[in-house]
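A short write-up of the structure that comes next.
The values are calculated or read from the model by the stated rules, or taken from the named source; none is laboratory data. Nothing here was measured: the structure is a model prediction, and the numbers come from that model. No Cβ is skipped: glycine too gets one built from the backbone with ideal geometry, and neighbour counts run over all protein chains shown. Calculation scope for accessible area: heavy atoms of the full protein, side chains included, ligands and nucleic acids excluded. Shrake-Rupley method; radii C 1.70, N 1.55, O 1.52, S 1.80 Å.
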Amino acid sequence: MKKLVMCSLLLAVTVIVMGAYTRLTDAGLGCPDWPGCYGELFVPASSDKVAAANQAFPERPLEASKAWSEMIHRYLAGTLGLLIFAIAIWSAKRRDPNMPMGLPLFLCVLVVFQAALGMWTVTMNLLPVVVMGHLLGGFAVLCCLFVMYLRLHPVLCRDRLKSTRRLLGFAFFGMAILGCQIALGGWTSANYAALACTNFPVCEGQWWTQIDMPGAYSVPVAENYEFGVHGYSERMTMHIVHRAGALVTFVYLLAMGIGLLRLKSKLMNTAGAALILVLIAQVLLGISNVVMSLPLTIAVAHNFVAACLLLIMVWITYQLAHLQENAHG
């Protein structure tokens, strides 16, 4: 079970990274149908199949590189789904006290919903709400698997800390702030607004006169959302709000990391140091995306480090919840 959960956790990280790569290379519609690719299990390769694919979808001729990016993402996600169902079946048979059935069953439901979101991403032509939801669902799967891993590998903080309940509250609020920031990033990316502002630390021109919050967080009616359908002011607003959210997230999590460093606990000190280092790395990657015009490697790394930051917050919250439970036990 432990190895199965570890494999699933690593695969979930890979799926998130591959999903980011697929999105950032504009390969989200590399295969215009679902679950296959131009009606095939694999990307059409022979001249006859390529011709048939182009005839079936004349509005979207086959681009092999984009199609393979999309299909590899689907293969990895499908494999992850099978592993999660295997974990649920194993949990039901073994009845491990460290692994109550609630979490594996919830994960199964979440994976099915993720598959539906993956399908709707294609059939609704990259509708931003669906794309953002698919991203958040991937992060939710990752967090649940990490909680499973922590249950099966109990390296727990046993120090006596003051105000554990208050610290736990701060941790939960930090996770909420980080989750909102990831959602803002997902919305910005799904609407192709990452380069709406090319200056740093502020946007170019008199940006404050063009803020359009209602428009930025609306969903215009369109047949296809690839490359975005919002106007410049709306995309610029998305970008500015994401930057503002990054500032709030940075200040809050930095303060939390410093607070953890001050505790009389080596485990919490390590967690605080890791939180601060990964947080700084994430901010630097975000800045690099702006000043270097969204290079693919850095943009993908920005998604990966966001996942790492979330896992660190889950770990901190899990440890504090354990201490709080022991305090009342």
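Only helices (runs of 4 or more DSSP H) wholly contained in region 163-265 count here; list those with 1 or more residues that are farther than 30 Å from GLY118 by Cα, modelled with pLDDT of 95 or more and of a type in the set (Val, Ile, Thr). Write out each step before concluding.
Working: elements: 164-190, 213-216, 232-261.
Because the criterion is at least 1 residues that are farther than 30 Å from GLY118 by Cα, modelled with pLDDT of 95 or more and of a type in the set (Val, Ile, Thr), the helices (runs of 4 or more DSSP H) in region 163-265 that meet it are 232-261.
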In contact with an Asp or Glu (Cβ under 6 Å, 6 or more places away or on another chain) and either touching a residue at least 24 places away in the same chain (Cβ under 8 Å) or surrounded by 17 or more Cβ atoms within 10 Å (Cβ to Cβ) (or both), is that true of SER233? no
Kindly indicate the residue of region 37-95 that is aliphatic (A, V, I, L, M) and outside any helix (DSSP H, G or I) and also nearest to LEU117 (Cα to Cα) among those meeting that condition. LEU41
So which residues in region 259-295 are out of contact with any Phe, Trp or Tyr (no Cβ under 7 Å at 6 or more places or on another chain), open to solvent by 70 Å² or more (accessible area, probe 1.4 Å) and of a type in the set (A, V, I, L, M, F, W, C)? LEU261, LEU277, ILE280, LEU284, MET292
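For region 59-72, check the following and say yes or no: at least one residue is in contact with a Cys (Cβ under 6 Å, 6 or more places away or on another chain), of a type outside the set (Gly, Ala, Ser) and under 14 Å from VAL15 (Cα atoms). Step through it out loud before you land on a result.
Within region 59-72, the first condition is being in contact with a Cys (Cβ under 6 Å, 6 or more places away or on another chain), and the residues that meet it are 67, 70-71.
Checking the rest, the ones that are also of a type outside the set (Gly, Ala, Ser) come to 70-71.
Filter once more, keeping what is under 14 Å from VAL15 (Cα atoms): 70-71.
Yes, that holds for at least one residue.
Restrict the check to region 11-31 and report whether at least one residue is outside any helix (DSSP H, G or I), of a type in the set (D, E, K, R) and touching a residue at least 60 places away in the same chain (Cβ under 8 Å). Explain how you work it out, then say what you get.
Within region 11-31, the subset outside any helix (DSSP H, G or I) is 25-31.
Checking which are of a type in the set (D, E, K, R) leaves us with 26.
Filter once more, so that each one left must be touching a residue at least 60 places away in the same chain (Cβ under 8 Å): 26.
Looking through region 11-31, at least one residue is outside any helix (DSSP H, G or I), of a type in the set (D, E, K, R) and touching a residue at least 60 places away in the same chain (Cβ under 8 Å).
Scan region 17-48 for residues that are closer than 22 Å to SER189 by Cβ and open to solvent by 20 Å² or more (accessible area, probe 1.4 Å) and jot them down.
Looking only at region 17-48, we keep the residues that are closer than 22 Å to SER189 by Cβ, and these are 17-32, 34.
VAL17, MET18, TYR21, ARG23, LEU24, THR25, ASP26, PRO32, TRP34, listed by residue number.
Restricting region 155-205 to residues that are among the aromatic types (Phe, Trp, Tyr) and within 21 Å of LEU323 (Cβ to Cβ), which is least open to solvent (accessible area, probe 1.4 Å)? Full working, then the answer.
Filtering region 155-205 down to residues among the aromatic types (Phe, Trp, Tyr) leaves 170, 172-173, 187, 192, 200.
With within 21 Å of LEU323 (Cβ to Cβ) added as a condition, the list becomes 170, 172-173.
Values: PHE170: 93, PHE172: 114, PHE173: 119 Å².
My answer is PHE170.
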Kindly provide the set of residues from region 57-83 that are more than 18 Å from the chain's Cα centre (by Cα), among the aliphatic types (A, V, I, L, M) and over 21 Å from LEU296 (Cα atoms), ordered by number. LEU62, LEU82, LEU83
Going through region 213-228 in order, the residues found to be under 13 Å from ALA193 (Cβ atoms), open to solvent by 40 Å² or more (accessible area, probe 1.4 Å) and either basic (Lys, Arg) or touching a helix residue (DSSP H, G or I) at 6+ places or on another chain (Cβ under 9 Å) (or both) are TYR217
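Determine, yes or no, whether TYR75 is within 22 Å of LEU127 (Cβ to Cβ), at pLDDT 95 or above and open to solvent by 60 Å² or more (accessible area, probe 1.4 Å).
On the way: within 22 Å of LEU127 (Cβ to Cβ): no; at pLDDT 95 or above: yes; open to solvent by 60 Å² or more (accessible area, probe 1.4 Å): yes.
Against the criterion (within 22 Å of LEU127 (Cβ to Cβ), at pLDDT 95 or above and open to solvent by 60 Å² or more (accessible area, probe 1.4 Å)), TYR75 does not qualify.
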Given (1) at pLDDT below 95; (2) in a helix (DSSP H, G or I), PRO154 misses just (2)
